[in-house]
């Protein structure tokens, strides 16, 4: 592959054709290891189903460029507007690639692979991190394990995560928290409900409070983060003729990076506790959480990306592994091809022009000779 001659759309299609649902990335990791080892200018290390490729040019600064190998599972059944093959493999139509993972994030992977193979004399040393299990539980996230167990492999002065951003620079990220709120009732026969207390009915004021949440807006370094609380699951009920004695709602809280995980939990409890009765046994339990990351645009490499992207920088409304890099002491930002609103949808697709624009921006950032 050489800059200017690589067909990035077909390269992305080749990656989409290799299934890599979370925990099943071995084939794609093997492809990455072989491809990145080919040119000979990269130190390539494989750790499980993650592949790290590094230059060793003795530059003053090192930039980390990272992307996850895994995709979410494809939707079950056929979609009336797209042939089932779109979910199973790549579908190239003119200058557009359709297929599972085309946006999130095999289009970004194609850009990074081409940079890794073709840019052999960059102005900064480069580390490419292709890692497993981002689209699943954080406990399985391979980047988290690399940061904790082999930080020297992913270390650098700054990092760029090739998440789909539509070619914009999305700075920092929100924190995320998943909590389960359980309310208690008293079982009874449904023909005589006054004998009991319906726990599902008791969820009504809690759900109303969540629905009425007024998003907190926070501006950090010119980037506006909007906090959100959403109910994402409900459980309850024993049988069709029994008043339920317990019911629960799962809540997702997306909080601005000016809050720590501990502060976010306190705020979530403060907001929801008004609808709970601790004396009756109601409770809120945090199931998992991950901190956010501030914009970090004061770093020269990230600031240069903001200028090179040629678009207004915005906050990342969502959680990404920018948080993992920031926790490891590496300022980071999100930048990659593809519309993020298409991620995880049956209409997932990326265009040749989107890939080319992201490739040109990153090439200029690392000092690729024109």
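The values are calculated or read from the model by the stated rules, or taken from the named source; none is laboratory data. Being a predicted model, the structure only gives us computed values, none of them experimental. Note that we place each Cβ from the backbone using ideal geometry, even for glycine, and neighbour counts take in every protein chain shown.
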Flag if residue 116 is in a helix (DSSP H, G or I), touching a strand residue (DSSP E or B) at 6+ places or on another chain (Cβ under 6 Å) and crowded, with 17+ Cβ neighbours inside 10 Å: yes
Residue check for residue 315: farther than 27 Å from residue 145 by Cβ and buried (at least 16 other Cβ atoms within 10 Å of the Cβ): yes
Number of the condition not met by residue 172 [criteria: (1) at pLDDT 95 or above; (2) touching a strand residue (DSSP E or B) at 6+ places or on another chain (Cβ under 6 Å)]: (1)
Qualifying position, being modelled with pLDDT under 90, touching a strand residue (DSSP E or B) at 6+ places or on another chain (Cβ under 9 Å) and surrounded by 18 or more Cβ atoms within 10 Å (Cβ to Cβ), among 247, 289, 306, 264: 306
Total residues in the stretch 224-244, condition buried (at least 21 other Cβ atoms within 10 Å of the Cβ), touching a helix residue (DSSP H, G or I) at 6+ places or on another chain (Cβ under 6 Å) and assigned to a strand (DSSP E or B): 2
Whichever residue in the stretch 8-35 is in contact with a helix residue (DSSP H, G or I) (Cβ under 6 Å, 6 or more places away or on another chain) and touching a residue at least 24 places away in the same chain (Cβ under 8 Å) and, among such residues, is nearest to residue 96 (Cα to Cα): 9
Residue satisfying condition, being surrounded by fewer than 20 Cβ atoms within 10 Å (Cβ to Cβ) and in the same structural domain as residue 160 (by TED's automatic domain parsing), within set 281, 298: 298
Output for the stretch 151-196, where each listed residue is closer than 30 Å to residue 241 by Cα, assigned to a loop (DSSP other than H, G, I, E, B) and in contact (Cβ under 8 Å) with a residue 40 or more places away in the chain: 185, 187, 190, 191, 196
Test set (1) over 24 Å from residue 150 (Cβ atoms); (2) more than 21 Å from the chain's Cα centre (by Cα) - residue 15 fails condition number: (2)
Subset of the stretch 340-356 (residues that are within 14 Å of residue 162 (Cβ to Cβ) and modelled with pLDDT of 95 or more): 350, 354, 355
Sole residue being in the same structural domain as residue 336 (by TED's automatic domain parsing), surrounded by 14 or more Cβ atoms within 10 Å (Cβ to Cβ) and modelled with pLDDT under 95, chosen from 76, 94, 99: 99
